[in-house]
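Presented below is the structure to which this report refers.
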Amino acid sequence: MAASEQEVTRELARYAAGVRFEDLPLEAVRLTRSCILHQLGATMLGSTMPWTQPFHRYIEEYGGRPEGTIANFGTWVAAQDAALVNSTFAAGSGMEDGFQTAPGSAGGVTVPVALALAEKAPISGKEVIGAVALGYDLMWRLQNAMMPSIILRGFHPPSVCGVFVATAVAGRLAGLGEEDMATALGVAASHAAGTLEFDQTGGDVNIMHRGLGARHGIQSVLLTRLGVTSPGAPLEGKRGICHTFADTADWDVLFQGLGQDFKVLDVCFRQYPLGPMEAPLNTFVNLVEDHGVTADQVEEIRFHLSSHFLSHGASIYEPWDRVSAQWSLAFSCGLRLAKGSNDLPLYADPSLWKDEAILGVARKMVAEANPEAEGPRRKLARLQVRLKDGRVLERTQEGPRGSPLDPMSPEELRDRFNRSCASVLPPQRQERVHAMVDGLENVDDVKELPSLLVAG
């Protein structure tokens with residue numbers, strides 16, 4: 001499928017309104033189910049973290065009509081508000097999925113939207129799978145079409161693009177036709193926002209970026225159905241998103257293989273709560289574990305990375321809050337060698353942000369540009385660790401564990417979900433979730449699934 005710059009929004013609307021479960025290859029169906037399970041696990045884990053609770057309390061106090069369930073707590077709120085909080089919970093875990101060849105995550109603007117709407121009206125498992133796969137497809141394409149300038153300008157791609165993805169998912173499940181879908185995407189453009197300043201000076205706002213996209217996606221569809229009109233070219237127009245949030249847009253990236261090459265096949269499942277820095281950390285962990293390296297042996301840690309990594313947490317050495325700790329590659333390397341773990345609670349411990357055993361390792365890290373690691377190969381990480389005895393250990397890794405290049409097994413993903421839910425869901429409830437997700441394409445009404453995610 002190809003489109004001129006004059007018909008970008010229209011072509012995307014046509015695709016979003018027309019794609020069906022039956023269009024998906026079997027592997028895309030399987031991976032979409034895995035994405036849903038992984039997102040639910042991240043949601044449950046994040047729901048237990050103190051930094052996500054203000055978002056729940058806000059909606060609990062100010063939310064609208066009871067339509068959708070907030071995970072863990074069972075709070076019954078408006079569908080768009082349930083999507084906001086559940087998405088924020090998952091982002092707060094730091095364990096959302098990503099892509100091998102694109103920035104950001106799609107889970108937070110697809111799964112919470114689909115499940116919130118499934119509580120408003122009967123929606124089948126096939127419809128949910130089709131809509132979620134559509135969302136992953138569009139998130140990959142929209143973000144990559146504006147890379148790298150969208151990041152270099154300081155915008156957070158999942159936040160800017162997420163509202164369009166959420167709108168497409170919500171519109172598809174609401175049965176919007178091409179005309180209304182195009183209008184809804186135009187309404188969504190007024191909600192596109194979110195900067196990367198949090199990776200410079202901190203704050204919890206980043207965890208709500210995808211959640212706001214999820215909320216406003218549902219809202220954009222509701223407003224469209226009530227008769228709100230919108231610009232005809234919200235993406236491609238002279239003052240549209242692709243020209244204001246980025247220097248330019250690559251329409252070939254956006255449309256090549258559309259409807260045939262489903263980008264959910266590019267999904268990565270995270271091992272560590274590190275946002276974009278997980279891939280290089282995974283390279284580091286593999287190297288030091290393979291060679292039994294200890295903190296006192298290290299003279300220098302030198303990464304050769306893409307501009308994508310260098311513009312994020314590769315420049316943070318001494319964190320000042322939880323967010324900067326999670327985004328800091330140097331701190332994460334120090335944490336691994338000094339504490340032997342990169343579990344989420346460690347990043348939230350203020351005493352560790354000034355821990356000299358950790359920072360002593362962190363200060364030994366150097367990050368420099370690798371021209372080979374650009375574009376689709378942005379997750380390529382080349383690492384050299386120089387030891388005090390003169391040895392230089394090297395490792396190059398194209399993709400982290402959980403990527404298409406080193407995939408996790410279904411059993412590993414199942415275990416990951418169980419561990420994420422262990423403190424809030426009993427084993428019997430976990431098994432019911434597994435059974436429903438495993439056979440999701442055979443479920444006539446998905447309404448029960450959100451209720452299974454309530455503690456007790």
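Worth a mention:
- Calculated from backbone phi, Karplus (6.51, -1.76, 1.60) coupling profile of the stretch 36-46 in Hz, x at Gly/Pro: 4, 4, 4, 5, 5, x, 4, 4, 5, 4, x
- Inter-label distance for Val366 and Tyr62, nm, one decimal - labels placed 7 Å from Cα along Cα-to-Cβ: 4.9
- Calculated over the stretch 346-432, the projected area of the Cα convex hull averaged across directions stands at 9.7 nm².
- Contact order normalised by residue count of the stretch 275-397, Cα under 8 Å, 6+ apart, percent: 38
- Other residues lying with their Cβ under 10 Å from the Cβ of Phe262 contribute a combined charge of -4, Lys and Arg counting +1, Asp and Glu -1.
- Per residue, the convex hull volume that the Cα atoms of the stretch 80-146 enclose (Å³): 90
- Packing here is the average count of other Cβ atoms within 10 Å per residue, and on that basis the peptides 172-180, 45-53, highest first, run 45-53, 172-180.
- Per-selection metrics, the stretch 165-249 (Cα): Rg and Dmax in Å: 14.0, 43
- The local environment of His209, defined by Cβ-Cβ distances under 13 Å, has a net charge of -2 under the rule Lys, Arg +1 and Asp, Glu -1.
- Percent of C-alpha pairs per 10 Å bin in the stretch 36-151, short distances first: 15, 42, 33, 10, 0.
- Straightening the chain between Asn418 and Arg30 buys 137.8 nm, computed as 0.36 nm per residue apart minus the Cα-Cα spacing.
- Cα-based helix-to-principal-axis angle, 329-339 vs the chain, degrees rounded to 10: 60
- For Lys364, the lysines whose Cα falls under 19 Å of its own Cα, not counting residues fewer than eight places away in the same chain, are Lys339, Lys354, Lys388.
- Geometric extent, Cα atoms of the stretch 275-397 - Rg, Dmax (angstrom): 13.3, 38
- DSSP beta bridge pairing in the chain, given as percent antiparallel to the nearest 5: 75
- Rounded Å value of the spacing that divides the Cα centres of the stretch 73-118 and the stretch 333-355: 26
- Highest-first arrangement of 154-162, 21-29, 109-117, where packing means the average Cβ count within 10 Å: 109-117, 154-162, 21-29
- Cα-Cα separations in the stretch 8-268 greater than 27 Å, expressed as whole percent: 28
- Size descriptor, Kirkwood hydrodynamic radius, that averages inverse alpha-carbon separations across the stretch 229-317, Å: 17.4
- Point-charge dipole on Cβ atoms (K/R +1, D/E -1) for the chain, about Cα centre, debye to 20: 440
- Helix 125-145 and the longest principal axis of the Cα set of the chain meet at an angle near 60°.
- Cα pair distances exceeding 43 angstrom across the chain, given as percent: 10
- Part-to-part distance (alpha-carbon centres) for the stretch 123-173 and the stretch 213-242, which is given in Å: 14
- Glu299 long-range amide H proximity, modeled H, under 5 Å: Arg386, Leu387, Lys388
- 3J(HN,Hα) along the stretch 103-115, derived from phi through the Karplus expression 6.51 cos²θ - 1.76 cosθ + 1.60 where θ = phi - 60°, amounts to x, x, 10, 9, x, x, 10, 10, 5, x, 5, 4, 6 Hz, with x in place of Gly and Pro.
- Counting other Cβ atoms within 10 Å as a rough exposure proxy, the listed residues Tyr347, Tyr62, Tyr317 run Tyr62, Tyr317, Tyr347 from fewest neighbours to most.
- Cα convex hull, the stretch 209-255: 109 Å³ per residue, rounded to a whole number.
- Inter-probe distance in nm under a simple model that places probes 7 Å from Cα toward Cβ, at Val392 and Val454: 6.1
- Between helix 427-438 and the chain there is an angle of about 60 degrees, using the helix long axis and the longest principal axis of the Cα atoms.
Bear in mind these aren't lab numbers, they're just calculated from the coordinates by the rules spelled out. Just so we're clear, the structure is a prediction, and the values are computed from it rather than from any experiment. Using ideal geometry, Cβ is built from the backbone for each residue, glycine included, and neighbour counts are taken over all protein chains shown.
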